[in-house]
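Everything below concerns the one structure shown next.
The values are calculated or read from the model by the stated rules, or taken from the named source; none is laboratory data. Given the structure is predicted, the values throughout are model-derived calculations rather than measurements. Ideal geometry is used to build each Cβ from the backbone, glycine not excepted, and the neighbour counts take in all protein chains shown.
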Amino acid sequence: MACVVLKPNRTQGMKYILTSLLVLTATCSFSLRAADAPSSPEAPKAQIVKTPEEKALAAEQAKTYPLTTCLVSGDKLGGMGETIDCLYQGKLVRFCCKGCIKSFNKNPDKYLKELDSAKKPSV
């Protein structure tokens with residue numbers, strides 16, 4: 001019994017190589033685009049008040065802000081220097097230091113519940 005070996009002609013070989021390169025290029029291109037895209041939307045974060053509009057909003061909310069202590073650490077506001085005012089989804093949140101902002105941003109819901117349940121201090 002004789003074994004028959006089929007040899008592709010040059011044109012078929014080039015088509016195979018070009019098709020393989022095209023598939024490889026398309027796959028790599030898709031993979032790179034997928035890696036660049038964020039896997040999930042960025043969670044909102046407390047942002048330090050900076051613009052005049054933000055400062056006006058923070059000043060208005062500060063009149064009825066219920067806490068005299070940092071929402072995260074419990075330290076007296078202003079005890080470590082100037083109080084840091086931030087806005088989280090348009091709501092004023094006050095911190096004693098920048099480190100507390102990072103802690104807040106890890107679990108804002110926990111701290112917002114505490115803020116919502118707090119009462120305005122008596123003046």
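If you check Thr51 against the conditions, is it surrounded by 15 or more Cβ atoms within 10 Å (Cβ to Cβ), modelled with pLDDT of 95 or more and of a type in the set (Ser, Thr, Tyr)?
No; evaluated as a whole, the condition is false for this residue.
Here are Ala58, Ala43, Ala118, Ala35: which of them is surrounded by 10 or more Cβ atoms within 10 Å (Cβ to Cβ), under 23 Å from the mean Cα position of the chain (by Cα) and either modelled with pLDDT under 95 or of a type in the set (A, V, I, L, M, F, W, C) (or both)?
When all the criteria are applied, what remains is Ala58.
One line per residue, one yes/no per condition, for (1) out of contact with any Lys or Arg (no Cβ under 8 Å at 6 or more places or on another chain); (2) assigned to a strand (DSSP E or B):
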position	(1), (2)
Gly78	yes, no
Val93	yes, yes
Asn105	no, no
Lys110	yes, no
Glu114	yes, no
Lys119	yes, no
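So Cys100 clears everything in (1) buried (at least 18 other Cβ atoms within 10 Å of the Cβ); (2) touching a strand residue (DSSP E or B) at 6+ places or on another chain (Cβ under 7 Å); (3) under 23 Å from Glu42 (Cα atoms) except one condition, right? Which one?
Of everything listed in (1) buried (at least 18 other Cβ atoms within 10 Å of the Cβ); (2) touching a strand residue (DSSP E or B) at 6+ places or on another chain (Cβ under 7 Å); (3) under 23 Å from Glu42 (Cα atoms), Cys100 misses just condition (2).
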